[in-house]
Amino acid sequence: MGVNAFPEPPDNDSLSGQFAVVKKCRHKNTGVEYAAKFIKKRRSKSSRRGVSKEDIEREVSILKEIQHPNVITLHDVFENKNEVILILELVAGGELFDFLAEKESLSEEEATEFLKQILDGVSYLHSKQIAHFDLKLQM
C-alpha cells in the first residue's frame, strides 16, 4: 500500500489523544476502511511534546509481532517530517464505553462475552511478555 492510496479523511471521523490522532481512512483501490493513527514525533530529546523515536519504534515492533482476533492488526506504516502514521485495522461499532452507555445494561451472557474477548486479548499479550498499560472502558 502506498501513502497515496489513502485519501484525506473527513475531520469528523477522528479521535484525539495527547500525542496522536486516529482518523478513519479508505484504501482508494480496494475501498477497505482502516484506522490511520497519526503520532506526533518528538522534535528533540529535551522536548516534552510528541513521542520519542524509540517509543514509536517499540509500538510498531510490538504491533508487527502480535496476531490475535481480539487485538488490533497493523497493516502499514508511513512517516513524514512531523509524524508517523500507522495504518491499523478499523474496528466497527465505536467505543465500548459508548456502546455500554447507550445500552445501559447487559445480560449476563453479553457481559461474559465482552469480558472473555478482552481477557483473551490481554492473556495473549501477556503470553508474548507484553503489558498493556492503557486498558480502559473507552477503548
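The values are calculated or read from the model by the stated rules, or taken from the named source; none is laboratory data. Quantities reported herein were computed from a predicted structural model and do not represent experimental measurements. Cβ atoms come from the backbone with ideal geometry, glycine included; neighbour counts cover every protein chain shown.
Could you grab me the full set of residues in region 82-129 that are touching a residue at least 24 places away in the same chain (Cβ under 8 Å), more than 16 Å from the chain's Cα centre (by Cα) and not in a helix (DSSP H, G or I)?
Those that are touching a residue at least 24 places away in the same chain (Cβ under 8 Å), more than 16 Å from the chain's Cα centre (by Cα) and not in a helix (DSSP H, G or I): Asn82, Lys128.
In region 89-139, which residue that is of a type in the set (Lys, Arg) and loosely packed, with under 11 Cβ neighbours inside 10 Å is modelled with the lowest pLDDT? Show your work before the answer.
Within region 89-139, the first condition is being of a type in the set (Lys, Arg), and the residues that meet it are 103, 116, 128, 136.
Filter once more, so that each one left must be loosely packed, with under 11 Cβ neighbours inside 10 Å: 103, 136.
Details: Lys103: 80, Lys136: 59.
Looking at residues that are of a type in the set (Lys, Arg) and loosely packed, with under 11 Cβ neighbours inside 10 Å, I get Lys136.
Here is a check on your reading of the model: is Leu86 within 21 Å of Phe133 (Cα to Cα) and at pLDDT 95 or above?
Details: within 21 Å of Phe133 (Cα to Cα): yes; at pLDDT 95 or above: yes.
Answer is yes for this residue.
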